[in-house]
1. Could you state the number of Å between the C-alpha centres of segment 365-390 and segment 289-314?
2. If each of D90 and K48 carries a label point 7 Å out from its Cα toward its Cβ, how far apart are those two points in nm?
3. Hey, could you get me the Stokes-Einstein D for segment 83-240, Kirkwood radius over alpha-carbon pairs, 20 °C and 1.002 mPa s, rounded to whole µm² s⁻¹?
4. Just to verify a number: what accessible area does E86 come out at with the full protein assembly present, 1.4 Å probe, Å² rounded to tens?
5. Starting from the Kirkwood radius over alpha-carbon pairs of segment 174-218, derive D by Stokes-Einstein at 20 °C in a medium of 1.002 mPa s and give it in µm² s⁻¹.
6. What whole number of Å gives the distance from the Cα centroid of segment 157-192 to the Cα centroid of segment 74-101?
7. Kindly report the accessible area of segment 292-347 per residue (heavy atoms of protein chains, probe 1.4 Å, no ligands, DNA or RNA), in Å².
8. Considering amide H positions built from the backbone, and no H for Pro or chain starts, which residues 5 or more places from I395, or on another chain, come under 5 Å of its amide H?
Amino acid sequence: MRIYGTFIIKVSLFQKLTHHDHNSLDTGHFSSFHYRTKGVECVIGSKKLSRQFSRSAIMQAIVASAPISRASLAKEVGLSKQTVSEIVYDLQSEGWITETGRTSGHVGRTATTYQLVPDAAFVCGVDLGGTKVRAAIIDLSCRVVSELTEMTDPRGGADVARQIGNLCKRAAKVANIEWSRVMFAAVGVPGVPDQNTGSVKMAPNISAIGEIDFVAELESELGFEVQVENDVNLAAIGEHWSGCASEVDNMAFISLGTGIGAGIIVRGHIVHGATGAAGELGFLPFGADPFDPASLRTGAFERQAGSFGMINRYAELSGTKVDVRQLFELAQVGDAKAETVLDETARLVARLIATVGAMVDPSMVVIGGSIGHRPEFLTRIEVALAACFPNPIAIRQSELGEHAALVGGAAVGLSHLHQSVFAAGLGAIAFDLPQLCAPNWEGVA
């Protein structure tokens, strides 16, 4: 399973070492300490950093292979039994791991086995939308223990930050979790986070978050570090971690609804661009007239292929105003004008996917959003794409649906927590994550 520290998806630590990928360990700022694992000698740093490296390697092995004994840990990570015993003792004393029993089925003495303590710490995943905000609490084993949803505060700005803080704390309370054990939050927003000011740009559905340091407001309400990321980027990460794109490393998640955007993953990296606006596909210069001043506010493509564009096009053809749900229902019963709108929109979306295909060559495109989740629309897109683009691109419907961004937030939050607790100071090293466990999204506690 991939890992999502600072939105970089990497292979496992041991694979890195085996493939001599020293740059990924930031070895340039380490002093000369040699470490051997799987027969490969690596320069990884001072004694203190080498100890932290050993700690992170052991913790990753426990997460991946528990229950596991100290002897098996030593064999798996290539450390001495004494070093493993010392670090296991430290991790157990700190409350991160616990004894689970003893080995069985072997000749000779049995050995104590260990596993992660799932409720030693938690993270919040938050999906902020123009109409609803969701908050989930996730434990270290990647299990969703609580989720709450409510209507987004229409006042926006600091009031939304306060709402998120209260919602997260209530979600923790529902699961009987002390707030002090919640350590990090990843928040998906329908806009572009500005890393310099903490504000969120291009978020017309939530007022005032582009005028304040939204990150600082959230951190003040929650009491710990918060990572704010575009919600469609998080949806891409979610599908890549625990959804339909878990087997590919080049993919795009395209959200089709009132707004249109994409999260693009290339070689395991989420693509942000110079200002964080990569994937704002609603501004592609086709669909409506890109030189119309209105296209600078909403985007030429979104004006025609988004939900309002579809509604306006049907009204133009029929003289009747309907919503998107009714539009699809009319098409199902053979309304020719509704079918025309869906066919035209599918052709536009096919052009969008072809544009992404020509630029980044994804092996899969995942479609989500209020329009994208319609299976009959997906079929129309596939037909149109085959007619306008020569290279095959697998098109899939979002497996995670309305929870995709929340799952992505969980991945980012858990990766950050594992990195900061078990691999602090080791640069790009992070942890593989188990599959997400969310047995019942609504009211999981």
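The values are calculated or read from the model by the stated rules, or taken from the named source; none is laboratory data. The shown structure was predicted, so the numbers you read here are calculated from the model rather than taken from an experiment. Cβ: placed from backbone, ideal geometry, glycine included. Neighbour counts: every protein chain shown. Accessible surface areas use protein heavy atoms only, side chains included; no ligands, DNA or RNA. Shrake-Rupley method; radii C 1.70, N 1.55, O 1.52, S 1.80 Å.
1. Taking the Cα centre of each part, segment 289-314 and segment 365-390 sit 19 Å apart.
2. Modelled inter-label distance: 1.2 nm.
3. Working: Rh = 17.4 Å.
It diffuses with D of about 123 µm²/s by this estimate.
4. In the full protein context, E86 sits at about 70 Å².
5. Details: Rh = 12.0 Å.
The estimated diffusion coefficient comes to 179 µm²/s.
6. 33 Å
7. Values: 2980 Å² over 56 residues.
Counting only protein heavy atoms, the per-residue value for segment 292-347 is 53 Å².
8. V365
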